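Accompanying notes for the structure given below.
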């Protein structure tokens, strides 16, 4: 990417989008398009078309999405499938219509089957039932991968889907009900400390294992992938299964390649926050998928690996939360 190339970061105020903007700016990119939801509703096809027609971005990072944790997914399943399908359909289609050079579509590890072999490889996509609590969101993201693949096959586009593991970091959503596990626990332990509560209750048994990637590392991976030479980038775009007989979607996992139990995570957050009470587990609440570890060998082979360890990342995330909580 030329330093003056027109780059559109869809969802620039979200966890990943804001990190991508920071990464691009730190690398000297000067022509970054950013629009809030109020300025551009990506579920509106006409408005999205007009935006692409006017600004002609050369590169698109599609980080805009409706996201949330187990509670949000269970409460708003219609919005999760409807809004995400609309956003990605409008952006991907108009990227093709208006000649975008490369597009990176961001998804989630929840696209893989609930009981997928561990660590999960890209080829495990569509090999089994999904986790029911986030199936609407996962199906929307799977449709986005298929849309990128279909446009590549039919129109010769260069659209790549990057599937991150569980993300956390500056700009996260700390809502008490609609947030993911790390921001939810950071808030719980912080409030328990300041309110002198003797216990903190964590959902589930604490036994599920999860992998966590710091958002700035995710952003660095995204920019790295977008900047790959044509040969290396093209190699990640998969193949036409009708011709090759191989299931090779334009898909790449982004993660750290190791995981921790929810119990270990809670104890680490307790330590970082400085909470002195005890942790209790509410086993009447759902655990979700037993384990979600990404196989990141494809990304490693492409030349990138994460460099922020979990303890360091959590400390930085907690500093971010404390600023917001003041």
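The values are calculated or read from the model by the stated rules, or taken from the named source; none is laboratory data. If you're wondering where the values come from, they're calculated on a predicted model, not measured in any experiment. As a convention, Cβ positions derive from the backbone with ideal geometry for all residues, glycine included, and neighbour counts pool all protein chains shown.
Could you list all residues from the stretch 142-174 that are assigned to a loop (DSSP other than H, G, I, E, B) and in contact (Cβ under 8 Å) with a residue 24 or more places away in the chain? Correct list: 157, 158, 165, 169, 170, 171, 172, 173, 174. Filtered by the rule that a residue be without any contact (Cβ under 8 Å) to a residue 24 or more places away in the chain and closer than 17 Å to residue 288 by Cα, the stretch 77-121 gives 113, 116, 117. Could you look through the stretch 270-281, keep only residues that are assigned to a helix (DSSP H, G or I) and out of contact with any strand residue (DSSP E or B) (no Cβ under 9 Å at 6 or more places or on another chain), and pick out the one that is surrounded by the fewest Cβ atoms within 10 Å (Cβ to Cβ)? Checked the stretch 270-281; the qualifying residue surrounded by the fewest Cβ atoms within 10 Å (Cβ to Cβ) is 271.
Where helices (runs of 4 or more DSSP H) fall entirely within the stretch 1-90, those with at least 1 residues that are modelled with pLDDT of 95 or more and surrounded by fewer than 22 Cβ atoms within 10 Å (Cβ to Cβ) are at 15-26, 45-55.
Taking the stretch 188-206, which residues are surrounded by 14 or more Cβ atoms within 10 Å (Cβ to Cβ) and in a loop (DSSP other than H, G, I, E, B)?
Keep residues of the stretch 188-206 that are surrounded by 14 or more Cβ atoms within 10 Å (Cβ to Cβ), which gives 188-193, 197, 200, 202-206.
197, 204, 205, 206 - these are the residues of the stretch 188-206 that are surrounded by 14 or more Cβ atoms within 10 Å (Cβ to Cβ) and in a loop (DSSP other than H, G, I, E, B).
Answer with yes or no whether residue 134 is within 30 Å of residue 318 (Cα to Cα), part of a loop (DSSP other than H, G, I, E, B) and either at pLDDT 95 or above or touching a helix residue (DSSP H, G or I) at 6+ places or on another chain (Cβ under 8 Å) (or both). Lay out the reasoning, then the answer.
Values: within 30 Å of residue 318 (Cα to Cα): yes; part of a loop (DSSP other than H, G, I, E, B): no; either at pLDDT 95 or above or touching a helix residue (DSSP H, G or I) at 6+ places or on another chain (Cβ under 8 Å) (or both): yes.
No.
Residues satisfying the criterion are present in the stretch 30-44 (criterion: within 19 Å of residue 224 (Cβ to Cβ) and in contact with a strand residue (DSSP E or B) (Cβ under 6 Å, 6 or more places away or on another chain)). Counting only residues that are within 17 Å of the chain's Cα centre (by Cα) and either surrounded by fewer than 18 Cβ atoms within 10 Å (Cβ to Cβ) or outside any helix (DSSP H, G or I) (or both), the stretch 294-303 holds 3 of them.
The combined condition, being surrounded by fewer than 18 Cβ atoms within 10 Å (Cβ to Cβ), within 30 Å of residue 103 (Cβ to Cβ) and touching a residue at least 12 places away in the same chain (Cβ under 8 Å), is fulfilled by residue 307.
For the stretch 309-320, state whether one or more residues are in a loop (DSSP other than H, G, I, E, B), within 30 Å of residue 235 (Cα to Cα) and within 24 Å of the chain's Cα centre (by Cα). Walk me through how you get there before you give the answer.
If we filter the stretch 309-320 for residues that are in a loop (DSSP other than H, G, I, E, B), which is where we start, we get 309.
Restricting the remaining residues to those that are within 30 Å of residue 235 (Cα to Cα) gives 309.
This time we only want the ones that are within 24 Å of the chain's Cα centre (by Cα), so: 309.
Yes, that holds for at least one residue.
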